[in-house]
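Student: Structure provided below as structure tokens; questions to follow.
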Amino acid sequence: MRNYIGVGVGIVIGAAATLVGQQLLTRSDSSPTSTRPEPSSLDSRRQDQQLTVAKERIAELEGRLADASPLPGSGASATTEPTPAPESGEAAKARSFIEMMMSFGDDDAMRKIDLEVERLSELLGLSENQQAVVLEALLGRFNEKKTAGVKLMTGQASIADLIASDEHNFVKLDAAIRPVLDEAQLESYQAEQLAREQRRIETKTEEELGKLASVTELSSEQQDAAWEVLAEINAAEPPGEVPEGTTVDDFVALLDGAIDNRVRGLEPILNPDQLQIYHGQTEAFRNQILTLISHATGSDVAPAETLK
């Protein structure tokens with residue numbers, strides 16, 4: 001089966017951590033602020049698009065709250081309908097959680113989106129109309145990741161949501177931007193994509209090698225050889241989209257395949273004791289992932305199953 005979702009070791013846990021950080025980090029980021037000239041029609045489009053995204057998000061979240069507990073003031077007037085009962089503990093928690101999700105991170109995220117539009121505009125020489133497309137695509141990606149984050153943390157996620165939450169997944173963004181670029185711009189953007197993918201491979205490889213080195217001592221020769229193996233595996237697992245009908249079982253099968261590829265790749269490099277330790281580490285990792293998938297999707301996934 002083609003590895004269409006890039007199931008590298010750490011993808012799901014990394015995605016969950018990214019989502020939590022995205023929503024809960026304070027606005028103390030020291031990144032440079034955007035310095036734009038006087039408002040243009042692009043700024044107006046940006047504000048309109050942001051407002052649309054915000055309205056859709058608020059409507060969705062209010063709908064979820066309505067399902068959990070009636071909202072005061074909704075439906076008939078107070079003269080014809082009794083005052084709703086106080087919120088239950090669970091509904092109150094849901095309200096508090098959603099309010100927090102809406103209040104943290106958005107301003108910082110919008111500022112970073114502005115900066116990214118400016119960066120790509122300078123890099124590619126984008127027209128105002130092209131900037132508007134890039135802005136819309138970035139806002140769409142942010143909104144999709146945010147929606148997926150809520151679903152992950154409330155047990156309502158699908159496999160598509162798990163994949164959408166991956167911080168390294170730019171498939172939809174690239175698909176939205178490429179058609180509006182001319183030949184020269186497309187060449188520059190493809191170079192940007194290649195550099196971004198190289199960073200992903202290096203980041204994931206360093207993470208995996210670091211985890212392995214944390215449980216067993218590796219010689220410099222072993223580290224170099226393991227890096228090469230893991231980099232090749234990660235390069236073969238690019239992020240992607242989920243075909244319709246993909247199930248949790250399909251996802252778990254790909255996870256098992258990804259782990260097995262790593263065990264087989266490292267087997268000639270590690271000594272028997274190190275390999276046994278690595279087997280234990282991958283089993284613990286697999287159980288963590290299955291527990292996370294079970295919580296995120298509400299599926300009954302058994303972590304006890306042993307890999308071959």
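The values are calculated or read from the model by the stated rules, or taken from the named source; none is laboratory data. Everything quoted here is computed from the prediction, not taken from an experiment. Neighbour counts run over all protein chains shown; Cβ positions are idealised from the backbone, glycine included.
Student: Residues to consider are 275, 218, 209; find the one that is farther than 26 Å from residue 159 by Cβ, in a loop (DSSP other than H, G, I, E, B) and among the hydrophobic types (A, V, I, L, M, F, W, C). Give the steps one after another, and end with the answer.
Tutor: Details: 275 fails: in a loop (DSSP other than H, G, I, E, B); 209 fails: in a loop (DSSP other than H, G, I, E, B).
Going through 275, 218, 209 in turn, the sole match is 218.
Student: When the residues of the stretch 224-237 are narrowed to those that are surrounded by 15 or more Cβ atoms within 10 Å (Cβ to Cβ) and under 27 Å from residue 272 (Cβ atoms), which ends up farthest from the chain's Cα centre (by Cα)?
Tutor: 225
Student: Please find, among 191, 235, 195, 225, the residue that is in contact (Cβ under 8 Å) with a residue 40 or more places away in the chain and either among the hydrophobic types (A, V, I, L, M, F, W, C) or touching a helix residue (DSSP H, G or I) at 6+ places or on another chain (Cβ under 7 Å) (or both).
Tutor: Numbers: 191 fails: in contact (Cβ under 8 Å) with a residue 40 or more places away in the chain; 235 fails: in contact (Cβ under 8 Å) with a residue 40 or more places away in the chain; 195 fails: in contact (Cβ under 8 Å) with a residue 40 or more places away in the chain.
Selected residue: 225, the only one of 191, 235, 195, 225 that is in contact (Cβ under 8 Å) with a residue 40 or more places away in the chain and either among the hydrophobic types (A, V, I, L, M, F, W, C) or touching a helix residue (DSSP H, G or I) at 6+ places or on another chain (Cβ under 7 Å) (or both).
Student: Would you be able to say whether some residue in the stretch 125-144 is closer than 25 Å to residue 291 by Cα and assigned to a helix (DSSP H, G or I)?
Tutor: Looking through the stretch 125-144, at least one residue is closer than 25 Å to residue 291 by Cα and assigned to a helix (DSSP H, G or I).
Student: Residue check, residue 194 against (1) closer than 27 Å to residue 126 by Cβ; (2) within 19 Å of the chain's Cα centre (by Cα); (3) at pLDDT 95 or above, all met but one. Which one?
Tutor: Checking residue 194 against (1) closer than 27 Å to residue 126 by Cβ; (2) within 19 Å of the chain's Cα centre (by Cα); (3) at pLDDT 95 or above, the one that fails is (2).
Student: If you don't mind, there's one more thing I want to ask. Mind checking whether some residue in the stretch 238-257 is within 25 Å of the chain's Cα centre (by Cα), aliphatic (A, V, I, L, M), surrounded by 15 or more Cβ atoms within 10 Å (Cβ to Cβ) and not in a helix (DSSP H, G or I)?
Tutor: Keep residues of the stretch 238-257 that are within 25 Å of the chain's Cα centre (by Cα), which gives 238-257.
Add one more test, that the residue is aliphatic (A, V, I, L, M), and what stays is 242, 248, 252-255.
With surrounded by 15 or more Cβ atoms within 10 Å (Cβ to Cβ) added as a condition, the list becomes 242, 248, 252, 254-255.
Filter once more, keeping what is not in a helix (DSSP H, G or I): 242.
Yes.
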